[in-house]
C-alpha cells in the first residue's frame, strides 16, 4: 500500500445505505469537496457510505493528486469492493484493519451506520481518550449520533465511567459545511 506523506480523511458508515438515501448523497458531496482539495479519502472500500465517499472523491479529484484507499475486510458473505478505489488492501482481522485506519488518517468522519460503524467510532475515540493517538478530530455527521452522545452523558458520564473531557474529542456537526470547517482547520495545521 502506498504510504507517501499525504493528508487523509477516513470516512466510516453503513454498507447498507443505498444511492437514493440522503446520507449517501451527503457523504458523496463531502468526499467530492475533500477530493477537490487533493486530500486522500480512506474507507472500508465496500458499498453504501464507503462507495459514496469513494465515488464522491473521484468526482472531486480532477487533478488526480490524491487517492481513494479501500481497507476491505474478509467476511463470511463476500463483500464487493466499489469501483472508485485507487488503492485496496484486504484484512482478515477487524483489529488490524482498524489500526490501519488510524495509522493512515488525520481526520475521522463517522456517518450513519450500524454495529461496524459504531465499532469504528468507539475504537477511534478510545485511542484518543488514552492518548495512543493525538490530534485526530472525530466528526460525527448525521442525526443518530446526537442520541448516542445524549445517552452516554446520561448514563456513562453520570456514573463517572467517562469524563466530561472525553466529549471534547468528538465533534457533532449538522452538515458537510461544518465538517469541512473542521477538516480544513486540521489540514492547515498539518501543512505547517
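FYI, it's all coordinate maths here, none of it is from the lab. Being a predicted model, the structure only gives us computed values, none of them experimental. For neighbour counting, all protein chains shown are included, and Cβ atoms are generated from backbone atoms with ideal geometry for every residue, glycine included.
Quick look at the values:
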quantity	calculated
Approximate spin-label separation residue 163-residue 16, in nm, with each point projected 7 Å along Cα-to-Cβ	3.6
Label-zone membership for the stretch 91-134, site residue 5, 7 angstrom Cα→C-beta point, backbone N under 16 Å	104-106
Between the stretch 140-192 and the stretch 48-106, the Cα center-to-center distance that results, in Å	23
Linear extension gain, residue 188 paired with residue 133, 0.36 nm per residue minus alpha-carbon span	17.9 nm
Helical mean residue ellipticity (222 nm; -39500 (n - 2.57) per DSSP H run of 4+; nearest 500) of the chain	-13000 deg cm²/dmol
Antiparallel bridges, percent of DSSP beta bridges restricted to the stretch 39-192 (to nearest 5)	0
Pair residue 25, residue 178: separation of 7 Å Cα→Cβ label points (nm)	2.0
Kirkwood-Stokes translational diffusion coefficient of the stretch 1-64, alpha-carbon pairs, 10 °C, 1.306 mPa s, µm²/s	138
Viscosity 0.692 mPa s, 37 °C: Kirkwood-radius Stokes-Einstein D of the stretch 71-192 over Cα pairs, µm²/s	206
Which of 123, 24 has the fewest Cβ neighbours within 10 Å, and the rest in rising order	123, 24
Candidates 150, 129, 79: whichever shows maximal mean-square fluctuation once the chain is modelled as a Gaussian network with Cα springs under 10 Å	150
Ascending count of other beta-carbon atoms within 10 Å, so fewest first, for 81, 55	81, 55
Highest-MSF residue in the chain out of 41, 173, 107 [GNM, Cα springs under 10 Å]	173
Candidates 159, 31, 111: whichever shows maximal mean-square fluctuation once the chain is modelled as a Gaussian network with Cα springs under 10 Å	159
